[in-house]
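Notes follow once the structure below has been shown.
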Amino acid sequence: MAELDYVGKRVLRKDGPDKITGRAKYTGDVQLPGTLVGKILRSPHPHAEILNIDTSKAMKLRGVKKIITAKDTLGIKHGFVETPRYPPEQYPLAKDRVRFVGEEIAAVAATDPYVAEEALQLIEVDYEPLPAVFDPEKAMQLDAPEIHPTHPKVKEPFNNIAGKTETEWGDTESAFARADHIREDRFESHLRTHGYLEPQVTLASYEPGGKLNVWTSSMGPFIKRAKLARTLGLPFSTVRVRKTYVGGAFGGKIDLFSHEFCAALLSIKTGRPVKVEASREEIFTAYRHGQPLIVEVKTGVKKDGTLMAQQLRLINNCGGYRGSGVVVIFLSWGFTMVPYRLPNLKYEGYAVYTNNPVRAPQRGHGAPQLRFAVESQMDMIAEELGIDPVEIRLKNARVPGEQLPNGDNVHNCGLIECIQKAAEHTQFKQKYGVKGKRHLTDSHIRGGIGIGVSTYFGGSLIYPNSSSVTVKMNDDGTATLLTGALDLGQGAETVLCQIVAEELKIPVEEIQVLAADTDTTPVDIGSWISGNTYVTGNATRMAATEVRKKLLDIAADKMEIGIADLVMANKAVHVVGSPERKLSYRELIALSVQKHRGDPVRGEGHWRTMRDEPFHPSLATTKGRWSENYAVDAQVAEVEVDTETGIVRLVRAVTAHDCGFPVNPLLVEGQIDGQVSMALGHAFMEEVVMKDGRTLNPNWLEYRMPLIHNTAKSECIDVITEHYKHDAPYRTKEVGEGYVSAILAAIANAIYDAVGIRLHSTPFTPEKILRELGKIK
């Protein structure tokens with residue numbers, strides 16, 4: 001794509017100057033006159049009946065303006081998933097029962113934080129504690145305490161089942177009977193949090209005319225507006241969610257949170273702005289974390305390593321409410337289906353209620369846990385059959401044009417090339433399999449290398465299902481882009497501006513962006529299904545193309561020449577071979593207003609993934625199309641294991657990936673580096689430690705995240721399978737989530753290569769390493 005001027009180039013981020021100079025305004029920076037401080041009263045019990053709530057003493061405290069409990073709400077439930085099969089189930093404030101430590105009971109609005117905190121202490125709540133259960137497998141037992149009734153569609157004799165995904169293709173029983181080699185394993189992943197640096201914070205201001213303005217740290221304004229309006233009983237048109245910068249999310253700020261609802265309702269009740277900001281301790285103890293999964297996998301292969309059948313059983317600990325638990329067990333099926341050719345598969349996943357805080361998507365949303373299990377077992381099978389780990393993956397990898405069992409297609413899938421390039425770049429075959437012989441600087445330091453494969457989808461049919469964009473020209477020939485897309489730091493606004501710049505030949509610096517405001521910008525899918533560059537990007541391309549065609553039509557008419565003989569460059573249209581014969585954009589816009597009934601030259605674009613599919617796929621049966629685009633990757637990890645301390649260090653990570661084409665290689669590399677760092681934390685450091693539903697390490701000092709001295713050398717290799725062309729939709733693939741997965745498996749496989757121990761659970765702690773080495777009991 002060397003002929004392109006902006007797409008495919010290393011353009012600096014548009015939000016960079018604001019962030020490095022401190023001009024960027026986050027929700028916590030927004031100040032409104034008369035703002036009250038909101039605080040939330042939370043349950044101290046993991047499971048209890050609420051017998052009575054008495055707020056009378058707290059209301060007498062000077063400076064307290066309003067206290068709300070469930071009786072002040074409309075009693076409308078909400079949920080991450082809201083479908084006929086999985087209806088909303090959680091009240092914004094607990095009504096008669098609490099199901100986890102930290103569940104919201106009441107909210108206070110006061111003149112300052114000290115008064116608000118004192119008021120919380122004066123609220124009297126009478127509880128009747130109930131038996132609690134925290135382990136998902138124990139919660140499934142029939143004698144376990146009932147948190148919610150088991151879903152009526154689940155007929156097995158299990159307790160506390162929030163939902164189930166079940167699917168099968170081929171004949172797994174027959175295939176296992178014919179397999180030359182069968183292996184069964186169990187893998188477990190642990191609880192982590194998202195680690196966003198900006199805390200959860202919301203400012204709500206209700207105007208006398210009935211307009212509710214909301215500033216909140218989120219991942220998409222339109223999903224927030226929909227859920228707030230519904231739970232508050234307001235028309236969508238009266239709720240405005242406004243843009244602020246977001247200091248990280250990684251999946252943890254999608255859903256409607258009680259603090260957002262409470263800030264809004266308190267503002268409505270008091271007639272004053274109300275700001276609620278969660279403390280870091282609250283985020284660790286009561287807010288949504290990631291998804292710990294249990295994965296049981298049985299795989300049958302031929303002698304040459306060809307996959308014949310696979311059977312998976314997943315158990316998800318989704319907490320006191322369904323959250324995204326029923327989504328992660330669906331997605332994990334997809335992460336199984338795509339990378340390798342599986343002629344026979346039987347899959348079942350269970351989302352299980354426990355008395356833990358509710359779970360949410362976390363970068364990769366099940367893919368790291370699933371691929372850790374499958375890729376680890378793939379290496380075990382390869383060793384047992386005497387096959388190279390690279391060769392067994394090449395033998396089973398999907399090839400371009402393959403139809404998937406659900407009706408999707410992998411299109412120009414570059415997985416085989418990814419595996420080959422990653423292996424060649426790292427000299428994998430020369431290094432692998434020298435267990436115990438690769439002593440490094442000291443005799444107790446062992447080196448190892450491992451590989452993993454993964455995939456991730458780019459956009460799916462989730463509310464609001466589509467993105468729209470408007471591009472309008474300004475009188476001076478610059479352009480304004482109106483998009484509902486929210487830039488979380490991934491560079492969304494930069495990428496969209498590059499597309500407008502490419503279509504109109506306007507410098508990125510001369511394109512103004514108005515974004516993420518539900519009143520002034522068009523609808524957008526949000527930044528949480530890895531579809532921004534594909535879905536919103538194609539809508540942007542359509543809008544900019546409409547503007548380009550209008551400018552060319554006006555120029556062709558004025559110069560009495562065919563459009564094919566015109567060229568756009570430097571904010572002007574000129575005749576091919578005669579750059580002096582030109583009309584500036586300023587002149588063309590004036591002509592449009594003069595001759596086209598006042599049209600200032602604007603274009604609109606709309607894009608919906610899987611445009612011919614009426615609905616999203618079934619979370620329960622997996623029937624239906626899932627996505628049009630699948631990114632694929634192969635990642636290699638090189639580690640050093642200290643056999644005396646058990647400490648493992650990731651020293652090098654290589655990612656060979658097919659994202660279609662990188663609209664901005666600089667941003668792509670940043671995404672890959674960030675995911676490698678996050679996977680490093682997943683592998684070695686990060687863990688939310690809980691006991692009886694209570695978080696034991698609710699701060700940054702005790703929840704260890706990777707620092708600069710922990711990071712590894714990260715390299716990436718682009719496998720280009722798509723191209724950007726004018727007047728044609730493009731099929732770029734995601735880069736924001738998928739590359740956090742295979743590297744985790746590659747690290748596990750590299751540890752085995754280094755010291756010959758196979759880990760079946762995360763994190764890969766020194767204690768586990770030393771125990772497996774026989775050095776501690």
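Listed values, structure above:
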quantity	calculated
Residue list for segment 455-471, filter: surrounded by fewer than 21 Cβ atoms within 10 Å (Cβ to Cβ), in contact with a helix residue (DSSP H, G or I) (Cβ under 9 Å, 6 or more places away or on another chain) and part of a loop (DSSP other than H, G, I, E, B)	462, 463, 464, 466
In segment 148-192, residue surrounded by the most Cβ atoms within 10 Å (Cβ to Cβ) [restricted to those that are in a loop (DSSP other than H, G, I, E, B) and of a type in the set (S, T, N, Q)]	160
The one condition in (1) of a type outside the set (D, E, K, R); (2) part of a loop (DSSP other than H, G, I, E, B); (3) touching a strand residue (DSSP E or B) at 6+ places or on another chain (Cβ under 6 Å) that residue 305 fails to fulfil	(3)
All positions within segment 130-146 that are under 16 Å from residue 99 (Cβ atoms), open to solvent by less than 80 Å² (accessible area, probe 1.4 Å), touching a residue at least 24 places away in the same chain (Cβ under 8 Å) and not aromatic (Phe, Trp, Tyr)	130, 132, 133, 135, 136, 139, 145
Test for residue 494: is it surrounded by fewer than 24 Cβ atoms within 10 Å (Cβ to Cβ), under 23 Å from the mean Cα position of the chain (by Cα), in contact (Cβ under 8 Å) with a residue 40 or more places away in the chain and more than 24 Å from residue 237 (Cβ to Cβ)	yes
Residues satisfying the stated conditions in segment 196-237, i.e. assigned to a helix (DSSP H, G or I), open to solvent by less than 30 Å² (accessible area, probe 1.4 Å) and either closer than 18 Å to residue 268 by Cα or touching an Asp or Glu at 6+ places or on another chain (Cβ under 8 Å) (or both)	221, 222, 224, 226, 227, 228, 229, 231, 232
Residue match in segment 434-454 (condition: assigned to a helix (DSSP H, G or I) and open to solvent by less than 10 Å² (accessible area, probe 1.4 Å))	no
Meets criteria (open to solvent by 10 Å² or more (accessible area, probe 1.4 Å) and either acidic (Asp, Glu) or modelled with pLDDT under 95 (or both)) for residue 348	yes
Test result for residue 500, outside any helix (DSSP H, G or I), in contact with a helix residue (DSSP H, G or I) (Cβ under 7 Å, 6 or more places away or on another chain) and buried (at least 21 other Cβ atoms within 10 Å of the Cβ)	no
Matching entry among 526, 489 (being touching a helix residue (DSSP H, G or I) at 6+ places or on another chain (Cβ under 7 Å) and part of a loop (DSSP other than H, G, I, E, B))	526
The one condition in (1) assigned to a loop (DSSP other than H, G, I, E, B); (2) over 29 Å from residue 629 (Cβ atoms); (3) open to solvent by 10 Å² or more (accessible area, probe 1.4 Å); (4) in contact (Cβ under 8 Å) with a residue 24 or more places away in the chain that residue 477 fails to fulfil	(3)
Strands (runs of 3 or more DSSP E) wholly inside segment 565-676 containing at least 3 residues that are over 21 Å from residue 724 (Cα atoms) and open to solvent by 60 Å² or more (accessible area, probe 1.4 Å)	578-584
Residue ID - nearest to residue 345 (Cα to Cα), chosen from residues in segment 377-407 that are of a type in the set (Gly, Ala, Ser) and part of a loop (DSSP other than H, G, I, E, B)	407
Pair list, Cβ < 6 Å and 6+ apart or interchain, from segment 678-692 residues that are within 21 Å of residue 319 (Cβ to Cβ) to residues that are part of a helix (DSSP H, G or I) and at pLDDT 95 or above	682/744
Condition broken by residue 160, with the remaining ones in (1) touching an Asp or Glu at 6+ places or on another chain (Cβ under 7 Å); (2) at negative phi satisfied	(2)
Identity of the residue in segment 417-433, open to solvent by 50 Å² or more (accessible area, probe 1.4 Å) and in contact with a helix residue (DSSP H, G or I) (Cβ under 8 Å, 6 or more places away or on another chain), that ends up farthest from residue 733 (Cα to Cα)	429
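Quick grid of which residues meet (1) open to solvent by 10 Å² or more (accessible area, probe 1.4 Å); (2) at positive phi; (3) out of contact with any Gly (no Cβ under 9 Å at 6 or more places or on another chain); (4) not charged (D, E, K, R):
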site: 752; (1), (2), (3), (4): yes, no, no, yes
site: 756; (1), (2), (3), (4): yes, yes, no, yes
site: 761; (1), (2), (3), (4): yes, no, yes, yes
site: 774; (1), (2), (3), (4): yes, yes, yes, yes
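Rundown of residues vs (1) of a type in the set (Gly, Ala, Ser); (2) surrounded by 22 or more Cβ atoms within 10 Å (Cβ to Cβ); (3) touching a Gly at 6+ places or on another chain (Cβ under 7 Å); (4) modelled with pLDDT under 95, yes/no style:
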| site | (1), (2), (3), (4) |
| --- | --- |
| 301 | no, yes, no, no |
| 352 | no, yes, no, no |
| 359 | no, yes, yes, no |
| 382 | yes, no, yes, no |
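The values are calculated or read from the model by the stated rules, or taken from the named source; none is laboratory data. Note that the structure is predicted; figures quoted are calculated from it, not measured. Every residue, glycine as well, gets a Cβ built from its backbone with ideal geometry; the counts of neighbours run over all protein chains shown. Quick note on the areas: whole protein, heavy atoms, side chains included, nothing else; ligands and nucleic acids left out. Shrake-Rupley method; radii C 1.70, N 1.55, O 1.52, S 1.80 Å.
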